[in-house]
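Undergrad: Next up is a structure, given as structure tokens.
The values are calculated or read from the model by the stated rules, or taken from the named source; none is laboratory data. Worth saying up front: this structure is predicted, and the values here are computed from it rather than measured. Using ideal geometry, Cβ is built from the backbone for each residue, glycine included, and neighbour counts are taken over all protein chains shown.
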6 protein chains.
Amino acid sequence: MNDNKLTHLDAAGAAHMVDITDKTVTRREAIAVARVIMNGDVMAQLQQAAAKKGDVLATARIAGIMAAKRTSDLIPLCHPLALNKVTVDFELDSVNNEVRILTRCVVEGKTGVEMEALTAASVAALTIYDMCKAVDPAMTITDIGLHEKLGGKRGHWQRESEGSR
Amino acid sequence: MNDNKLTHLDAAGAAHMVDITDKTVTRREAIAVARVIMNGDVMAQLQQAAAKKGDVLATARIAGIMAAKRTSDLIPLCHPLALNKVTVDFELDSVNNEVRILTRCVVEGKTGVEMEALTAASVAALTIYDMCKAVDPAMTITDIGLHEKLGGKRGHWQRESEGSR
Amino acid sequence: MNDNKLTHLDAAGAAHMVDITDKTVTRREAIAVARVIMNGDVMAQLQQAAAKKGDVLATARIAGIMAAKRTSDLIPLCHPLALNKVTVDFELDSVNNEVRILTRCVVEGKTGVEMEALTAASVAALTIYDMCKAVDPAMTITDIGLHEKLGGKRGHWQRESEGSR
Amino acid sequence: MNDNKLTHLDAAGAAHMVDITDKTVTRREAIAVARVIMNGDVMAQLQQAAAKKGDVLATARIAGIMAAKRTSDLIPLCHPLALNKVTVDFELDSVNNEVRILTRCVVEGKTGVEMEALTAASVAALTIYDMCKAVDPAMTITDIGLHEKLGGKRGHWQRESEGSR
Amino acid sequence: MNDNKLTHLDAAGAAHMVDITDKTVTRREAIAVARVIMNGDVMAQLQQAAAKKGDVLATARIAGIMAAKRTSDLIPLCHPLALNKVTVDFELDSVNNEVRILTRCVVEGKTGVEMEALTAASVAALTIYDMCKAVDPAMTITDIGLHEKLGGKRGHWQRESEGSR
Amino acid sequence: MNDNKLTHLDAAGAAHMVDITDKTVTRREAIAVARVIMNGDVMAQLQQAAAKKGDVLATARIAGIMAAKRTSDLIPLCHPLALNKVTVDFELDSVNNEVRILTRCVVEGKTGVEMEALTAASVAALTIYDMCKAVDPAMTITDIGLHEKLGGKRGHWQRESEGSR
């Protein structure tokens, strides 16, 4: 037997925003990650900009934070959430020519903040792409995923192994 | 010598929206791709939903199209563009348990539509994640990238080989 | 004596967003309806699209749900609300050549969700118009109204008789 | 034979934003109408507010104008348009206890402004409902429709007879 | 010793949305002010418009109220807030040829509403500028500031003396 | 005789978005300014943040640029414009304890970009206030005004004397 587990669809297959009235308000946290893969020329530009206080990562960080706040406006069936905290961090890996993005969102609410953390990571990555695309249009954004999740009925969840991604 | 090639930063490293007044209005097109990787259980649910006319992909498609129109509102240094066309297509690959997303944007304007196509692909992928995350929170969104680009000063550009992504 | 009962105006007639601090948080629900009246040709297209899994109603449903979340951004004096649930349902009536729309919104809050349910119904109707207007520009949207309302100080309210509309 | 005339669906029934690249830029105008039907008590309040310079209709007018500018953000498959003009006018009919709304939008572009005029009329009507709903929750919004349309390939179109609505 | 007191920056100087989880929910209120300085010709037009029920101040009031609701969407590190109340008031000073704006926002939440009140005042002032700029482009908006603040850990705060501004 | 010069009001005093169809498309530029006045403690923090590459001004710059793009969504009667360029610059004046903001917007269009430049300046100033308000809630934003304007029917306009502000 193969039941419908897609909770965002009703019995007839129609999309709906599910009722969360009976869920419990708890502190919920989500951590998401993404990577932007580039050629060595872009990485050199990013390092040079960082050294000179250039605004590339600051711009991507603000874009990510603002996007987290707009998640329910972008993802059709997401519930609106009043976020308590958003952070967006970057790590430049000049060996592998990639930028690693880690976002963290916290809310006290009836539903999780995975989508907010993932949206922040995605838009931060897109902003890096935008600012560097003239140097390397073949950059790719990859491995956008949930890293960890706390709170809610299911409690703590963590991605099993980074190697599996 | 290593010149600054990051056109979105001025000489002092400050971010700005670059002046496109002197660029030429041409028809510009961009095609972007993304993949959503899931476990077999999610794929089975997606196929079942598709068979029953469930709204998963229709919802993701609308989310992607609407996000394309909001690109300049999300990506800080993007110019506002009046899009002529947006399409978002999906391919379910039940062998590899992935959904492939292909977006296409067209504009007549002074600047390209890469960011619109990439934003549409990203938000469509996030929407699939949102609708299926209860089944598999470890789904990942990967290989978001520009596939092809037409129009503008540089003319035709195409990603060299899909294998290299 | 004819007192001012328009609570959204102050004593001087100026619009304001009224203070709801002293109201009670309760579960509140609103059900709204609308009808889209069309000619037989549009109805035939809608039925054909439904039979072939075409995206007309799925698109209108998503538009309605997203609009519900944006109500306080559209209606100047509406309070922002974190909706718990939104559904948008359609009924094709091929005898009368009309689509009936029924929306349902739920919140736990200090103010009702009538405007959210009505906005969802209106935007879902406008989206159907948009997708079918090439076939029949004379389609009309009619009888947008509140059908039922639960919760809040006044408790249950229901439209007296559909015939009276 | 019954061909698909729903241009917003592709051959597979998927929604898309159609390509308007090959259409001609012309001046396009659309006039839309709506009616808000209320009881005598609301009408008395509206007249009293108008006499005392109360902000009901001014608020609804601004809401309608701002909504017109946000049409492509609300209606999924609408193209973004840079509107040249928007007006929203009201007529209080105290005999029939209704407010008549007439909106007018102008653009120079490749696609019409029907949806902008209809969205302005709908949101202006919803705003009147919002401001008066405490007096009469049974108010209805009705006969939202296109009244006239100029410009574009099809040229002038006018609703045949007001009586038929 | 000169510690970092800019709470919106982390130890490395990166911007973030600070965690308010541990703060207390209280009723919070903020009152902000602004002045628009104009020449006598604009003031005469404003008075004439007011006498004839013209929509200048009504439009600015609605713009201010709507902007208050959008504050967290405009100011990157502001937390989203569900406002309980917003008012925007104007005083025409025809001796000094200025319009004084006073805004008041109330929330029950974990963080203050200063930014909402200040954003409402700024956008109301910009709207007056917009509507009158054809008569006097040299108008200035000045003395946007917090006037008073209630609630929260620090309790009551009031600007010391209006003369010092 | 004192004619109505407020072009945003019609003969009856109702607000409307004026028709710009007959205006000429030209390159238009606007430069706006604003000042944020603070105490010495805030200025010291800003200088320290700048020395350590802290994100205060980068954040305010991005907020200003994004706000410029959203001007027609905030100011009710502004026409939507596809901006060609936006810059936001800051000057720290540690003698007078103030930050001076200068914004510059360019468009090719039928209407000017004053409101976009003024909105960018206002929101950049509000963002500085937000990030520093914990140190000095009495900071004020002042002298928001148009500095210079090029293009359009009236051609070049420049504020007469900075001293008069």
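Undergrad: Assess whether B:E98 counts as being more than 15 Å from the chain's Cα centre (by Cα), at pLDDT below 95, farther than 28 Å from D:L81 by Cα and not small (G, A, S). Working first, answer last.
TA: Details: more than 15 Å from the chain's Cα centre (by Cα): yes; at pLDDT below 95: no; farther than 28 Å from D:L81 by Cα: yes; not small (G, A, S): yes.
No, not satisfied.
Undergrad: Do the conditions hold for D:D136, that is, is it touching a residue at least 60 places away in the same chain (Cβ under 8 Å) and either crowded, with 24+ Cβ neighbours inside 10 Å or among the charged types (D, E, K, R) (or both)? Walk me through it before giving the result.
TA: Values: touching a residue at least 60 places away in the same chain (Cβ under 8 Å): yes; either crowded, with 24+ Cβ neighbours inside 10 Å or among the charged types (D, E, K, R) (or both): yes.
The answer is yes for D:D136.
Undergrad: For segment B:7-45, how many residues are of a type in the set (A, V, I, L, M), more than 8 Å from chain A (Cβ to nearest Cβ), farther than 28 Å from A:A58 by Cα and not in a strand (DSSP E or B)?
TA: The number of residues fulfilling the criteria is 4.
Undergrad: Inside segment E:15-44, can you point out the residues that are surrounded by 20 or more Cβ atoms within 10 Å (Cβ to Cβ) and more than 24 Å from the chain's Cα centre (by Cα)?
TA: None; the set is empty.
Undergrad: Could I ask something else about it? Considering (1) aliphatic (A, V, I, L, M); (2) more than 7 Å from chain B (Cβ to nearest Cβ); (3) crowded, with 24+ Cβ neighbours inside 10 Å; (4) assigned to a strand (DSSP E or B), say which one A:A124 fails and leave the rest.
TA: The failed condition is (4).
Undergrad: While we're looking at this one, here's another question. So B:K5 ticks every box in (1) buried (at least 21 other Cβ atoms within 10 Å of the Cβ); (2) over 30 Å from B:C132 (Cβ atoms); (3) of a type outside the set (S, T, N, Q) but one. Which box is left unticked?
TA: Tallying (1) buried (at least 21 other Cβ atoms within 10 Å of the Cβ); (2) over 30 Å from B:C132 (Cβ atoms); (3) of a type outside the set (S, T, N, Q), B:K5 fails exactly one: (1).
Undergrad: If you don't mind, there's one more thing I want to ask. For segment D:70-108, what are the residues that are outside any strand (DSSP E or B), of a type in the set (D, E, K, R) and touching a residue at least 24 places away in the same chain (Cβ under 8 Å)? First the steps, then the outcome.
TA: Initial filter on segment D:70-108 (outside any strand (DSSP E or B)): D:70-84, D:94-97.
Going one step further and asking which of them are of a type in the set (D, E, K, R), we end up with D:70, D:73.
D:R70 - this is the single residue of segment D:70-108 that is outside any strand (DSSP E or B), of a type in the set (D, E, K, R) and touching a residue at least 24 places away in the same chain (Cβ under 8 Å).
Undergrad: Looking for something within 14 Å of chain E (Cβ to nearest Cβ) and β-branched (V, I, T) - is there at least one such residue anywhere in segment A:90-97? Talk me through it step by step, then tell me what you get.
TA: Of segment A:90-97, the ones within 14 Å of chain E (Cβ to nearest Cβ) are A:90-92.
Among the residues that remain, those that are also β-branched (V, I, T) are: none.
No, that holds for no residue.
Undergrad: Among the candidates C:M66, C:M115, single out the residue that is within 8 Å of chain A (Cβ to nearest Cβ) and closer than 22 Å to D:A68 by Cβ.
TA: Details: C:M115 fails: within 8 Å of chain A (Cβ to nearest Cβ).
Testing whether each residue is within 8 Å of chain A (Cβ to nearest Cβ) and closer than 22 Å to D:A68 by Cβ leaves just C:M66.
Undergrad: Moving on. I'm told E:I144 meets every condition in (1) facing another protein chain (nearest Cβ under 7 Å); (2) of a type in the set (A, V, I, L, M); (3) within 28 Å of F:A12 (Cβ to Cβ) except one. Can you identify the failing condition by its number?
TA: (3)
Undergrad: Of the residues F:A49, F:A117, F:A58, which is part of a helix (DSSP H, G or I), touching an Asp or Glu at 6+ places or on another chain (Cβ under 9 Å), of a type in the set (A, V, I, L, M, F, W, C) and surrounded by fewer than 24 Cβ atoms within 10 Å (Cβ to Cβ)? Even if it seems obvious, please write down each step before you answer.
TA: Numbers: F:A117 fails: surrounded by fewer than 24 Cβ atoms within 10 Å (Cβ to Cβ); F:A58 fails: surrounded by fewer than 24 Cβ atoms within 10 Å (Cβ to Cβ).
F:A49 is the lone residue from the list that is part of a helix (DSSP H, G or I), touching an Asp or Glu at 6+ places or on another chain (Cβ under 9 Å), of a type in the set (A, V, I, L, M, F, W, C) and surrounded by fewer than 24 Cβ atoms within 10 Å (Cβ to Cβ).
Undergrad: So which of F:V18, F:V33, F:V56 is under 17 Å from F:G152 (Cβ atoms), in contact (Cβ under 8 Å) with a residue 24 or more places away in the chain and in contact with a strand residue (DSSP E or B) (Cβ under 9 Å, 6 or more places away or on another chain)? Quick ask: steps written out before the conclusion?
TA: Working: F:V33 fails: under 17 Å from F:G152 (Cβ atoms); F:V56 fails: under 17 Å from F:G152 (Cβ atoms).
Answer to the selection: F:V18.
Undergrad: Take F:R70 and tell me if it is modelled with pLDDT of 95 or more, within 23 Å of D:E108 (Cα to Cα) and surrounded by fewer than 22 Cβ atoms within 10 Å (Cβ to Cβ).
TA: Values: modelled with pLDDT of 95 or more: yes; within 23 Å of D:E108 (Cα to Cα): yes; surrounded by fewer than 22 Cβ atoms within 10 Å (Cβ to Cβ): yes.
Yes: the conditions hold for F:R70.
Undergrad: Separate question: Run down A:T111, A:T127 and say which single residue is within 30 Å of A:T21 (Cβ to Cβ) and of a type in the set (S, T, Y).
TA: Numbers: A:T127 fails: within 30 Å of A:T21 (Cβ to Cβ).
None of the other options fit; the residue is A:T111.
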